[in-house]
Amino acid sequence: MSSKDQLQGVLELKNTPKRIISLVPSQTELLVDLGLEKAIVGITKFCVHPPHLTKTKTIVGGTKQVNIEKIKQLQPDIILCNKEENSLDIVKQLQPIAPIHISDIYTLEDSLALIRVYGKLFLKEIAANIICQKINDELASFKSYVANKPKIRVAYFIWKTPWMVAANKTFIHYMLGINKFYNVYADLERYPEINIEDMQRRNIDTVLLSSEPFPFNEKHSKIIEKHLNSTSIILVDGEYFSWYGSRLTRAFKYFKHLREVTILNPE
């Protein structure tokens, strides 16, 4: 069986993979929701959904560093990676062990395509189609809800020391757009370092502090508050902005709650 990943790499598989290692948390969650939990033999320490996985599956490292020998011992049929999450060096080290599928996600269309590819690869096409339909239904409902809502100028922070934001050419940027959040750092790309002392000139309505990969809290809100006037600062669940796959079935209800309760009616 021949297949291509999202970087157009060709995978040659003799049979349907039965032993899967996933090095991407959102893709691990997707595998479970496709009904493939028993086939998963290895995950990262960040694969925390569903929570019991870190106790029942072998942890092979993180997304940036992995234990190559431990992965070899698990004898995987396939290893699932992501261009952004996993380095080229890791991929090269894993290539002699098993076929590698690399995802590359910038839009919802990319995510839906990945779900369908997994459905085909692992003979879970019905489950994949159900998940895709659910995402499309939730998206349509949210687009109708947000259609007449005002645009909000936001800065989305992902890291501290150095301060870093999500800019253009990221999945987060795409999801901000769906929310009618105008990314004030859209003139930059990827995850640039920024000087918070210069934020005032960006005319920001709301600062979004993500729960991941850096765990922002109220202490960090107060630091940023010193550099901005009349700007709301909100702690948000970063998984709904950055995790693709089956988490998207729940993301749009969270976004509606975020607008109705947190942004439009803050405490």
At the level of C-alpha centres, the distance separating the stretch 94-170 and the stretch 197-267, in angstrom, is 19 Å
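In a shell of Cβ-Cβ distance under 13 Å around residue 12, excluding residue 12 itself, what net charge do Lys and Arg (+1) and Asp and Glu (-1) give? Write down the numbers at each step before the final one.
Values: positive: 4, 14; negative: 5, 77.
With Lys, Arg at +1 and Asp, Glu at -1, the net is 0.
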The chain, Gaussian network, Cα under 10 Å: of 88, 228, 123, the residue fluctuating most is 88
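For the stretch 149-236, what's the relative contact order in percent, using C-alpha pairs closer than 8 Å and at least 6 residues apart?
On the way: 158 pairs, mean separation 27.8, N = 88.
With pairs under 8 Å counted, the relative contact order is 32 percent.
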The aspartates and glutamates whose Cα lies under 19 Å from the Cα of residue 143, excluding any fewer than 8 residues away in the same chain, are 109, 110, 260
Exposure-ranked with fewest Cβ neighbours within 10 Å first, 137, 5, 198, 77 stand as 198, 137, 77, 5
Between [x] 19.4, 61; [y] 18.6, 69; [z] 25.9, 83, the structure-derived Rg and Dmax of the Cα atoms in Å is [x]
Among 134/253; 169/256; 83/124; 120/169; 57/124, the pairs whose Cα-Cα distance exceeds 18 Å are 169/256; 83/124; 120/169; 57/124
When 47, 132 are arranged by how many other beta-carbons sit within 10 Å of their Cβ, fewest first, they go 132, 47
For residue 14, counting only aspartates and glutamates whose alpha-carbon sits under 20 Å away and dropping same-chain residues fewer than eight positions off, the answer is 5, 77, 125
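Mind running the shape call on the stretch 149-236? Use the C-alpha gyration tensor, a ≥ b ≥ c as the square roots of the eigenvalues: rounded below 1.5 for a/c, prolate if a/b tops b/c, oblate otherwise. Intermediate values should be presented prior to the final figure.
Details: a/c = 1.36, a/b = 1.17, b/c = 1.16.
Rounded.
All of the numbers you see were taken from the coordinates with simple rules; none came from a lab. Values in this document were obtained by computation on a predicted structure and should not be read as measured data. Cβ coordinates were reconstructed from backbone atoms using ideal geometry, including for glycine residues, and neighbour counts include every protein chain displayed.
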